1. Compute the Cα gyration tensor for region 4-79, then decide on rounded, prolate or oblate, letting a ≥ b ≥ c be the square roots of its eigenvalues: rounded whenever a/c is under 1.5, prolate when a/b is larger than b/c in the other cases, and oblate in all that remain.
2. Take C45 and S12, extend 7 Å from each Cα along the Cα→Cβ direction, and tell me the distance between the two endpoints in nm.
3. What net charge is computed for the residues neighbouring L39, neighbours being all others with C-beta under 14 Å from the C-beta of L39, Lys and Arg scored +1, Asp and Glu -1?
4. I'd like to compare 26-35, 13-22: which one has the highest average count of other Cβ atoms within 10 Å, and what's the full order after that?
5. For region 51-60, just list the computed ³J(HN,Hα) in residue order, Karplus coefficients 6.51, -1.76 and 1.60, θ = phi - 60°, integers in Hz, with x standing in for Gly and Pro.
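Rule-based calculations on the coordinates, nothing more; no lab input. Note that the coordinates shown come from a computational prediction; the quantities given were computed from them, not determined experimentally. All Cβ positions, even for glycine, are placed from backbone atoms using ideal geometry, and neighbour counts span all protein chains on display.
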Amino acid sequence: MRRILIVDDEPSFTSIVKLNLEATGQYEVFMENRGSQALMTAVECKPDLVLLDVIMPDMEGPEVLYEFRNDERVRNIPVVFLTATVTPKEAHADNGVIGGRVFLAKPGTIGELVDCIEKYLPATG
């Protein structure tokens, strides 16, 4: 089972995403509602992919990503920004890549989320 970490400051959103993704039977989902704790949570749960909100009150998504990329334990984990700061049209342009980073607009459908996760999950050995 593939491991997904979702980092978003809205507990209700992370809970809904967790329930929906786990209902597919394909994922084990971990939640973190504080950007400042995302690195520690990722080190502990060892996710295959991280869904990361952009705007959070204690530490914004780009800062979290910077921490990830500078820590050898998690630097190679794919990160998808899951955010309301881009429109679905912007997120679909150029295969969801904006400024060299993958973005998925929220709210989106569970199907769009699963498609994005599958696209960016590393191949299993």
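1. oblate
2. Taking the simple label geometry, C45 and S12 are separated by 2.1 nm.
3. Working: positive: R34, K46, R69, R73, R75; negative: E32, E44, D58, E60, E63, E67, D71, E72.
Residues near L39 contribute -3 overall.
4. The most tightly packed comes first, giving 26-35, 13-22.
5. Values, residue by residue: 9, 10, 5, 8, 9, 9, x, 9, 6, 6 Hz.
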